[in-house]
Structure formats: C-alpha cells, structure tokens
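Down below is the structure, laid out as structure tokens.
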Amino acid sequence: VQLQASGGGLVRPGGSLTLSCTASGSTSAMGWYRQAPGEQRELVAAVTGGGSLYYADSVKGRFTISRDIAKNTVYLEMNSLKLEDTAVYYCNAAVGTASYWGQGTLVTVSS
C-alpha cells in the first residue's frame with residue numbers, strides 16, 4: 001500500500017489547513033502523526049476501520065479527522081492552528097498487521 005499525503009503549507013496562528021492522504025488500496029485504521037524538530041513522532045488523530053475516532057488531547061476541539069472509504073482517503077481538518085502545531089505530518093495506514101507511512105507533509109504555523 002502506498003500513501004500519498006498533501007495539503008501542508010504555511011499558515012498564520014489561528015488559521016486553518018486540511019491535509020489529505022490517499023491510499024493505493026483498502027486499509028483498516030488510518031491516522032495522522034506529526035513530528036516536530038527535536039521531538040518524537042506522536043499520534044495526532046486516527047479513525048479505526050469501524051469508524052471510532054481518536055484525538056490527542058492537544059488537538060481536541062480543533063482538529064477533525066474523517067475518511068472517505070470509497071476513495072481510500074483520510075482527511076485532517078485543522079482549525080485554530082497554534083505555533084506548536086508546526087511539524088511534519090505523516091499519514092499512517094494499517095492493513096492487517098502491517099503499517100504503512102506516507103512521505104510526510106510540512107505544516108508551518110508562523111506569524
């Protein structure tokens with residue numbers, strides 16, 4: 001399975017961006033991780049095959065994850081962005097016991 005992520009960019013604090021990630025085949029759970037400079041990669045949001053949602057506490061109420069199963073695509077709508085949201089965002093997908101990663105898309109929040 002190959003994952004193609006897009007949607008990153010430069011945005012001012014308080015602004016919005018939407019990331020998308022399309023898988024080349026069917027997947028079960030899909031999610032978004034991020035890694036800031038000097039930090040470990042962390043799970044931001046995920047949606048299971050059954051539709052259950054998970055959000056990191058730091059993004060609850062600001063980010064929304066959704067998926068279009070027919071398009072094998074997962075979205076991450078990011079609102080009220082903060083400086084600390086700056087990171088490379090990675091799409092992840094689970095297929096059985098295997099885990100796949102996208103190439104990463106940079107989100108920079110700066111005034």
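I'd like the residue in segment 30-51 that is at pLDDT 95 or above and farther than 13 Å from Val88 by Cβ and, out of all such residues, is surrounded by the fewest Cβ atoms within 10 Å (Cβ to Cβ).
Of everything passing the filter in segment 30-51, Leu43 is surrounded by the fewest Cβ atoms within 10 Å (Cβ to Cβ).
Mind counting the residues in segment 99-111 that are closer than 15 Å to Met30 by Cα, in contact (Cβ under 8 Å) with a residue 60 or more places away in the chain and assigned to a strand (DSSP E or B)? Walk me through how you get there before you give the answer.
From segment 99-111, those closer than 15 Å to Met30 by Cα are 99-104; that's our starting set.
Pick out the ones that are also in contact (Cβ under 8 Å) with a residue 60 or more places away in the chain and you get 100-104.
Remaining after also requiring assigned to a strand (DSSP E or B): 100-101.
So the answer is 2.
For segment 39-90, which fully contained strands (runs of 3 or more DSSP E) count at least 3 residues that are over 15 Å from the mean Cα position of the chain (by Cα) and over 19 Å from Gly104 (Cα atoms)?
Details: elements: 42-47, 53-55, 63-68, 73-78.
The strands (runs of 3 or more DSSP E) meeting that bar number zero.
Take the residues in segment 83-97 that are in contact (Cβ under 8 Å) with a residue 12 or more places away in the chain and exposed (fewer than 14 other Cβ atoms within 10 Å of the Cβ); name whichever of them is nearest to Trp32 (Cα to Cα). Outline the logic, then answer.
The first filter runs over segment 83-97 and keeps only residues in contact (Cβ under 8 Å) with a residue 12 or more places away in the chain, leaving 83-96.
Now narrow it down to the ones that are exposed (fewer than 14 other Cβ atoms within 10 Å of the Cβ): 83-84, 96.
Working: Leu83: 18, Glu84: 16, Gly96: 18 Å.
The selected residue is Glu84.
Evaluate the following for Leu19: is it at negative phi, free of Cβ contacts under 8 Å to residues at least 40 places away in the same chain and within 15 Å of the chain's Cα centre (by Cα)?
Details: at negative phi: yes; free of Cβ contacts under 8 Å to residues at least 40 places away in the same chain: no; within 15 Å of the chain's Cα centre (by Cα): yes.
So Leu19 does not fit the description; no.
If you check every pair at least six apart or on different chains, which have Cβ atoms under 6 Å apart with a residue in segment 43-60 that is touching a residue at least 12 places away in the same chain (Cβ under 8 Å) first and a residue that is in a loop (DSSP other than H, G, I, E, B) and among the polar types (S, T, N, Q) second?
Gly49/Ser28
Just name the residue that is farthest from Leu106 (Cα to Cα) out of those in segment 9-29 that are open to solvent by 60 Å² or more (accessible area, probe 1.4 Å) and in a loop (DSSP other than H, G, I, E, B).
Ser26
Run down Ser20, Ser16 and say which single residue is closer than 12 Å to Arg67 by Cα and at pLDDT 95 or above.
Values: Ser16 fails: closer than 12 Å to Arg67 by Cα.
That would be Ser20, the only listed residue that is closer than 12 Å to Arg67 by Cα and at pLDDT 95 or above.
Looking at segment 62-82 only, could you name the residues that are surrounded by 15 or more Cβ atoms within 10 Å (Cβ to Cβ) and in contact (Cβ under 8 Å) with a residue 40 or more places away in the chain?
Asn72, Thr73, Val74, Tyr75, Leu76, Glu77, Met78, Leu81
Which of (1) touching a helix residue (DSSP H, G or I) at 6+ places or on another chain (Cβ under 8 Å); (2) open to solvent by 30 Å² or more (accessible area, probe 1.4 Å) does Val107 not meet, given it meets every other one?
Only one criterion is unmet by Val107, namely (2).
The values are calculated or read from the model by the stated rules, or taken from the named source; none is laboratory data. Keep in mind that this is a model prediction, so the values were computed, not measured. All Cβ positions, glycine included, derive from the backbone under ideal geometry; neighbour counts span all protein chains shown. We work out accessible area using only protein heavy atoms, side chains counted, and drop any ligands, DNA or RNA first. Shrake-Rupley method; radii C 1.70, N 1.55, O 1.52, S 1.80 Å.
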